[in-house]
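The values are calculated or read from the model by the stated rules, or taken from the named source; none is laboratory data. These numbers come from a predicted model, not from an experiment. Cβ: placed from backbone, ideal geometry, glycine included. Neighbour counts: every protein chain shown.
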Amino acid sequence: MKFLRVILFIFFTIAIMTSCKKSFLDSYPATQQTEATFFDTYDKVYEALVGCYNGMRGWSNDAGNYAYNLGSEMKSDDASGGGGVSDGMTVQVVDRFDISISPGAVDIYSVVWKGAFTTIARCNNFLKKVDDFEWDDNGAFATDHSFKKAGAIAEARFIRAYIYFCSEQLWGHLPLLTETTEDPGAQTQASPQEIYELIVNDLKYAAGNLPPSYATTLNGRITKYAAEALLARVYLFYTGYYGRTQIELPRVNKAEFLNHMSNVLTENEVKAYLEDIIANSGCQLISDFRALWPAGASAAGLNYIGEINNEILFAIKYGYTNGTKSVWTSNIGARSYTMAPYGNGWSIAIANGSLWKNWDPADVRKGASLLNVLAESNTFNAAHPYDDDVAGLDVREYQHVFFKKYLNQTNAEGVTLFGMNTGDLSSMHSSQDFFIIRYADVLLMAAELGIDAQNNFNQVRNRAYGGNAPFKAATYENIMDERHYEFVGEGLRYWDLLRRGLEYAADAIQIQAPGVQARNAPSLYGSSNIIIKRERVMATYGLSQIPGTQVTLSNGKLIQNEGWN
């Protein structure tokens, strides 16, 4: 059994927060084993690292509607909030950057916040305890499990860096916790440069101490190439958001931030990391983009290539049992209506019709990334024919388009499947892994930084067009446009907009009056058409709401992000 499948089947948490007082970083209920006894054998130290991985999976999954990747899609120009016609309008708050739509929605990201700091605390506890353990890097356990001290530390530091990076993107102003503490609520928000310095240093350590690969029995563990790729993503985001935004940002001096970070991570270092991946990792694009995801492969009549392939550098793993299944995938399908062979869901973060309309039909990524129910209505089987009068009755902001890559699937009778395997037939949840970094991202980041730009750019485009893409020069604009279509529905679009500068993102996201017509859209801003105000994106500086309860519990230590009061 793969290592990360094992991770998903272990349900324990190390007791890392010992205060009995409720604090703003209150975590999910902690556990059965104590620090004093847990780190005394190799098996237990190994399980502690498993707990860090499992925390990352829970963080990415347990928030449902507001999981990091879904929230990212909602905020982008590719999606609307969606939901059901009788639902509250919290997803519209996220989609339109406007708390006035639902003033009582003060804790939108509560589960995401708690999950992030629970995972960070697990990593901190692991890093605190590893020096007390007597390691034997040449022993049987270390060899069989690829579990040496420096590598184990590197895995925990990578996970901490990844969670901190995503959290910094979301909220911008966070407490910096690198040690376990009895009163995490006593911590004030650190400067962004302190957070990013920790992220970069953690990833540098990981890149220098993780192995390039593992035995097949340990497949799924984090490698040095995942760390190198994430360093590039981190660098491009913060140099973009802080370097291209024209207005002043609250509580941070952009020039000082960039000057400081230029001494922590240089562009030449980032280029070297990307060049190392391209030259030495063995990663490559799979031949047919459509085979990367079960639904897209099935729609194209192709064999799904599977979760483990040469294009994936880093994925969050899901399993088949309760607690390990992907919960958020059930949110993206059509609500109250099954369109076999696609599973239903709660219609959260549904794709905008303009995305389909503006996409070149010769690009095979279009049909693999989006489900246009009108375009595919002839594929729905006779037992469950598509009925447009019924399909969108309970879907708010319905525009006939859904994100396809992570859609659940059904058999011909409309019975939900787990990816390619039959599971709990009453569940809409999925076992499909979520890809965080693909090799296509490495090629496009390399092109963006001028590394063999035209060739790396062409590789991604040629695959999209079956080997014969119309020529485009590898300019910055064209590279960013290519990223848009390559990563639809993968949670990257919003951050790519934001790193082009806040003003650019606000211009791209806004929908001016009279707005976009959509079935069952709520009446907001004096119209039932979808309208998104540029000034709302600007007022929030592109950042998300810090959960209000956490702000209250912090006794003044946490300051709510601007635009969310």
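Among the residues of region 245-252, is any out of contact with any Pro (no Cβ under 6 Å at 6 or more places or on another chain), at pLDDT 95 or above and either more than 30 Å from GLU562 (Cβ to Cβ) or outside any loop (DSSP other than H, G, I, E, B) (or both)? Looking for residues that are out of contact with any Pro (no Cβ under 6 Å at 6 or more places or on another chain), at pLDDT 95 or above and either more than 30 Å from GLU562 (Cβ to Cβ) or outside any loop (DSSP other than H, G, I, E, B) (or both), one finds none in region 245-252, hence no. Within region 350-369, restricting attention to residues that are closer than 19 Å to ARG396 by Cα and surrounded by fewer than 24 Cβ atoms within 10 Å (Cβ to Cβ), the residue that is nearest to the chain's Cα centre (by Cα) is ASN352. On inspection, LYS129 does not qualify as assigned to a helix (DSSP H, G or I), without any contact (Cβ under 8 Å) to a residue 24 or more places away in the chain and of a type outside the set (Val, Ile, Thr). Residues that are in contact with a strand residue (DSSP E or B) (Cβ under 7 Å, 6 or more places away or on another chain), under 14 Å from VAL373 (Cβ atoms) and either in a strand (DSSP E or B) or not small (Gly, Ala, Ser) (or both) within region 304-351 comprise ILE332, ALA334, ARG335, TYR337, THR338, PRO341, TYR342, ASN344, GLY345, ILE350, ALA351, listed in sequence order.
If you filter region 380-426 down to residues that are hydroxyl-bearing (Ser, Thr, Tyr), in a loop (DSSP other than H, G, I, E, B) and closer than 27 Å to GLY88 by Cα, you find that the one that is modelled with the lowest pLDDT is SER426.
The residues in region 158-172 that are under 23 Å from TYR225 (Cβ atoms) and within 12 Å of the chain's Cα centre (by Cα) can be counted, and the count is 5.
Just one of the listed residues (LYS325, LYS317) is farther than 24 Å from VAL91 by Cα, touching a helix residue (DSSP H, G or I) at 6+ places or on another chain (Cβ under 9 Å) and of a type outside the set (A, V, I, L, M, F, W, C), and it is LYS317. The set of residues in region 455-480 that are among the small types (Gly, Ala, Ser) and surrounded by 13 or more Cβ atoms within 10 Å (Cβ to Cβ) comprises ALA464, GLY466, ALA469, ALA474. Regarding SER72, is this residue modelled with pLDDT of 95 or more, assigned to a helix (DSSP H, G or I) and over 23 Å from the mean Cα position of the chain (by Cα)? No.
Picking from residues in region 89-120 that are acidic (Asp, Glu) and surrounded by 21 or more Cβ atoms within 10 Å (Cβ to Cβ), the one that is farthest from ASN561 (Cα to Cα) is ASP95.
A single member of SER347, SER330, SER377 is more than 23 Å from the chain's Cα centre (by Cα) and small (Gly, Ala, Ser), and it is SER377.
Considering each of SER281, SER326, SER377 in turn, give the residue that is more than 18 Å from ARG493 (Cβ to Cβ), surrounded by fewer than 21 Cβ atoms within 10 Å (Cβ to Cβ), small (Gly, Ala, Ser) and at pLDDT below 95.
Only one candidate qualifies: SER377.
Looking across region 121-172 at every residue that is touching a Lys or Arg at 6+ places or on another chain (Cβ under 6 Å) and not acidic (Asp, Glu), the one that is surrounded by the most Cβ atoms within 10 Å (Cβ to Cβ) is identified as CYS123. In this structure, ALA464 does not qualify as touching a residue at least 12 places away in the same chain (Cβ under 8 Å), within 19 Å of ASP98 (Cα to Cα) and of a type in the set (A, V, I, L, M, F, W, C). Would you check if ALA215 is within 30 Å of PHE147 (Cα to Cα) and surrounded by 16 or more Cβ atoms within 10 Å (Cβ to Cβ)? No; evaluated as a whole, the condition is false for this residue.
Filtering region 143-175 to residues that are without any contact (Cβ under 8 Å) to a residue 40 or more places away in the chain and part of a helix (DSSP H, G or I) leaves THR143, ASP144, LYS149, GLU168.
Restricting attention to region 482-506, the residues that are buried (at least 22 other Cβ atoms within 10 Å of the Cβ), farther than 14 Å from GLY71 by Cβ and in contact with an Asp or Glu (Cβ under 6 Å, 6 or more places away or on another chain) add up to 0.
Go over the candidates GLN92, GLN187 one by one and state the one that is touching a residue at least 12 places away in the same chain (Cβ under 8 Å) and not assigned by TED's automatic domain parsing to the domain that holds MET261. Let's see the steps before the verdict.
Numbers: GLN187 fails: not assigned by TED's automatic domain parsing to the domain that holds MET261.
Answer to the check: GLN92.
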